[in-house]
Amino acid sequence: MRSRSIVTAAILVTFASVTMEAQAQQPTAPDFNVVTLGTGSPPPTLKRFGPATLVRAGRETLLFDAGRGATQRLMQTGVRLGSIDAVFITHLHSDHIVGIPDLWLTGWLPTAYAQRQSPFRIWGPAGTKGMMDGLEQAYAWDIQARTADQNLPKAGVAIEATEISEGVVYERNGVKVTAFEVDHGPLLKPAFGYRIDYDGRSVVISGDTKFSENLIKFASGVDLLIHQVAMAKEELLQTSIIVRAILAHHTKPEEAGVVFTRSKPKLAVFYHIVLQGTPQFPAPTEDDVVNKTRTTYSGPPVVSEDLMSFNVDKTGVSIVPPK
Ligand SMILES: [Zn+2]
Ligand SMILES: [Zn+2]
């Protein structure tokens, strides 16, 4: 007996030292990661899906906006649809919310990629509850059918909607989400941006906004600032009332540069990229956006792509390009 226990102990020691060695060799997994799932705006293109940003911080998996294709992009990241802890909406323009019913209902299915067992939890501006009530009505047949026919848990399709005002809206497992008002135009209120704080590091997502002093206040000294941008050539702006109106609700590259210069993020990233053009006056390029931004900002702004990933580490922010 004695010799057997000595052998067992020796095996355990060997196993433990191998495990420790393997752990020492492996880089620590990022504990604060952001993926720009969708970086587009209303145009239904394959290159840029609708606005949606995944934030994983510690044990929390959070989604900010759910534009067109958010569910497909989440699948591409390998995140189980039913594992999203909370969804936050910046404002109720359709390009930011059109993906909600897909994520809500597809995330409820019993398949391995979904399997939500607890309510779909969503935070957003005034009007969010009414919107979710309307979705429950619109999809009543599906909910009734799958509950009766497939025995899916009612709890997994239930909705908990919270309407927010400026301030801390969520705090769990060391992750704090703060909503702050932005300026999307006088008739488009309320519109919010969000700041996510975790373990001494922070990320800000602008939502849709014109140049916003309040955003600069909340983004001051942030690690990663994800900001929207809109641009059109001067000739088009002079001839098109529609394009002028679109740009009047958004931030131009040279204005975003001022935001970056004053808030001093470790990394400034563009998403919700609105580039207006016509056959006569083609849309500006991403290089045009960067060049204009650099007239007011000396740092390098990153024009994100769908599925670009950012690790917010204590030493800085690193970029992992899409696969
Ligand atoms: Zn938008
Ligand atoms: Zn909008």
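Each reported figure results from applying straightforward, stated rules to the coordinates on display, with no laboratory input. As the structure is a prediction and not an experimental result, all values here were calculated from the model. FYI the Cβ positions are ideal-geometry reconstructions off the backbone, even for glycines, and counts take in every protein chain you see.
Residue separation times 0.36 nm, minus the C-alpha to C-alpha distance between Asp287 and Lys266: what's the value? If you can, show how the numbers build up before the last one.
On the way: separation 21, 0.36 × 21 = 7.56 nm, distance 2.09 nm.
Full extension from Asp287 to Lys266 adds 5.5 nm.
Please tell me the relative contact order of the chain in percent, rounded to the nearest whole number, where contacts are Cα pairs under 8 Å and at least six residues apart. Provide the component values of the computation, followed by the final result.
Numbers: 699 pairs, mean separation 49.8, N = 323.
Once divided by the residue count of the chain, the mean separation gives 15 percent.
With labels modelled as points extended 7 Å from the Cα through the Cβ direction, what inter-label distance (nm, one decimal) is found for Gln238 paired with Asp199?
5.4 nm
Residue farthest toward the positive end of the dipole of segment 203-323, with Cβ of Lys/Arg at +1 and Asp/Glu at -1: which of Pro322, Thr296, Gln276?
Final value for the positive-end residue is Thr296.
Using the charge dipole of the chain (Lys, Arg: +1 at Cβ; Asp, Glu: -1 at Cβ; taken about the Cα centre), state which of Ala66, Ile246, Ala29 has its Cα farthest towards the positive end.
So the residue furthest toward the plus end is Ala29.
Dipole of segment 38-102, Cα-centred, from +1 at each Lys and Arg C-beta and -1 at each Asp and Glu C-beta, to the nearest 20 debye?
Working: 7 positive and 5 negative charges, 49 e Å.
It comes to approximately 240 debye.
Please report the spacing between the Cα centers of segment 147-180 and segment 45-113 in Å, no decimals.
Result: 13 Å between the Cα centres.
Report, by chain and number, residues whose modeled amide H sits under 5 Å from the one on Asp313, excluding near sequence neighbours (fewer than 5 apart, same chain).
Close amide H contacts, sequence-distant or interchain: Ser318.
My understanding is that a pair violates if its Cα-Cα distance is over 24 Å; which of Lys129/Lys264; Lys189/Lys252; Lys264/Lys314 do that in this structure?
Numbers: Lys129/Lys264 36 Å; Lys189/Lys252 20 Å; Lys264/Lys314 16 Å.
Violating the 24 Å Cα-Cα cut-off are Lys129/Lys264.
Within the set of other residues whose C-beta is less than 11 Å from the C-beta of Glu254, count the net charge using Lys and Arg as +1 and Asp and Glu as -1. Walk me through the numbers before you get to the answer.
Numbers: positive: Lys252, Lys292, Arg294; negative: Glu255.
Counting the neighbours of Glu254, the net charge comes to +2.
Okay, helix-only estimate at 222 nm for the chain: each DSSP H run of n ≥ 4 adds -39500 (n - 2.57), divide by all residues, round to 500 deg cm²/dmol; what do you get? Don't skip to the end; give the middle numbers.
Details: 11 runs with 104 residues, N = 323.
For the chain, the value works out to -9500 deg cm²/dmol.
Taking the alpha-carbon centroid of each part, what is the distance from segment 260-323 to segment 123-138 in angstrom?
Using only Cα atoms to place each centre, the spacing works out to 32 Å.
Using a simple charge model, +1 on the beta-carbon of Lys and Arg, -1 on the beta-carbon of Asp and Glu, nothing else, what dipole does the chain show about its Cα centre, in debye to the nearest 20? Spell out each step's value before the answer.
Details: 31 positive and 32 negative charges, 159 e Å.
The calculation lands at about 760 debye.
Let me make sure I get this right: for the chain, a, b and c are the square roots of the gyration tensor eigenvalues over alpha carbons, sorted descending. Under 1.5 in a/c it's rounded, otherwise prolate if a/b > b/c, else oblate. Which is it? Intermediate values should be presented prior to the final figure.
On the way: a/c = 2.15, a/b = 1.37, b/c = 1.57.
Since a/c reaches 1.5 but b/c is at least a/b, the shape of the chain is classed as oblate.
Take every DSSP beta bridge whose two residues both sit in the chain, then give the antiparallel share in percent to the nearest 5. Display every interim value, and only then the final one.
Working: 37 of 61 bridges.
The answer is about 60 percent antiparallel.
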